[in-house]
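Computed from the coordinates by the stated procedures, all read-outs in this text should not be read as laboratory data. Since the model is a prediction, treat every value here as computed from it, not as a measurement. Backbone-built Cβ (ideal geometry, glycine too); neighbour counts: all protein chains shown.
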Amino acid sequence: MNRNLLSLALAFGFATSLVIAQDGKRPTGPENGSSTPRLHLLPRGAEEALNLTEEQRQKLTVLEAESRTKLEAILTPEQVQKLTALRPQPPGAHGNRGQAAPAPSASNDAAPKRPEAEAPAPSLTAGVTRRPVVFSGGHDTVPVDHGRPVILIAAALGVQDEVFREAFSHVHPAGPGKGGPTDTEARANKEALMSRLEKLGVTNDRLNTVSNFYRYAAWEGGIWRNKPATAYALVNEGAITGYEITSGGYGYTTPPAVSIPGMEGATAKVEISYGKDFETNGAIAAITILHSK
C-alpha cells in the first residue's frame, strides 16, 4: 500500500476510534460536501478539556481540512464510498433492530432525554462540494476603549456605542494588581453609569448581568466570552459559488479574516450582527464573495 495512503488511513482510523471511545458516538456524517467522513484529530471533548485558544482551534481546523483534502486526492470515489461504509457503529447500534422502544417512565427519576439528531446539511447541486472556512481575528477594539468590547456591551444594553463610552468615561476602574475597586469606588462607578443609562431604560440588574458576562482580565492576556463561528465555502470547478454559515458564533467585535485551505486567492467580506442576546451578539450574519479563487 502506498505509504501516504497507509499513513492517512491509520490516522483516520485512530481519530475515529478516539471519537467513538470518548462518547460512544460516531461522526455525524459528511462535513465537507463529499462522502468522506470528518477527520477528528482530537477526541470529542478534548478541545474543551485542553482549553485550546482560538488560534489553536483554527490551526486544528486547517490541519483537519488539509488531511481530508489529501485523503480525497488519493482515494477513488469508489474507495471513498467503501471507507464511509467501514466507519464503526456505536455500541448497541444494531442490537435493538426491530424492537419497539420502551415506553417512557412516569417516574420523576426518568432518564434524561436523548439528544436530538443533527439536521442534515442541505443537499448540494451536482459538482458542488463544501470546504471548511477558517476564521481568524475578529476581536479588535478601538484605542479609546482600552481593550473593552464596548460595541458588544452597548448592544447588550440596547444603547449606542458613544452613549456607553460617555457614561463609562466617568468610571475609574481598578488597574492591574489592585484586586478590583474598593466598595466605595465600586458604588461610585455604579452611580456614575446608572445616572446616565437608566434614562435610556437600562436597569441596575441588566447592567450587572452584562458587566459580569463581558468581564475579563485584559492585563493577563484574557478576552471576553466568545464562540468561534463555523461555515463552509461552496466550491464548483475550483471556484467559490457561495458560503454556508452553520454557526454564527458570538463575541466578534470586528469582522474576522476568512481563509479556505488550498484556496489562498479566495477572499470574502464578513458582516457582523449585534443585539441584546448574548448568544447572538457579535455573530457572523453574512459572508460575501470578493474573490472566488
Highest-first arrangement of 228-234, 190-196, 279-285, 201-207, where packing means the average Cβ count within 10 Å: 228-234, 279-285, 190-196, 201-207
Starting at the first residue of segment 202-212, write each ³J(HN,Hα) from the Karplus equation 6.51 cos²θ - 1.76 cosθ + 1.60 with θ = phi - 60°, in whole Hz, x for Gly and Pro. 7, 8, 4, 5, 5, 4, 4, 4, 5, 4, 5
Using the Karplus equation 6.51 cos²θ - 1.76 cosθ + 1.60 (θ = phi - 60°), what ³J(HN,Hα) coupling, rounded to whole Hz, does each residue of segment 284-290 give in order, writing x for Gly and Pro? 6, 9, 7, 10, 10, 5, 9
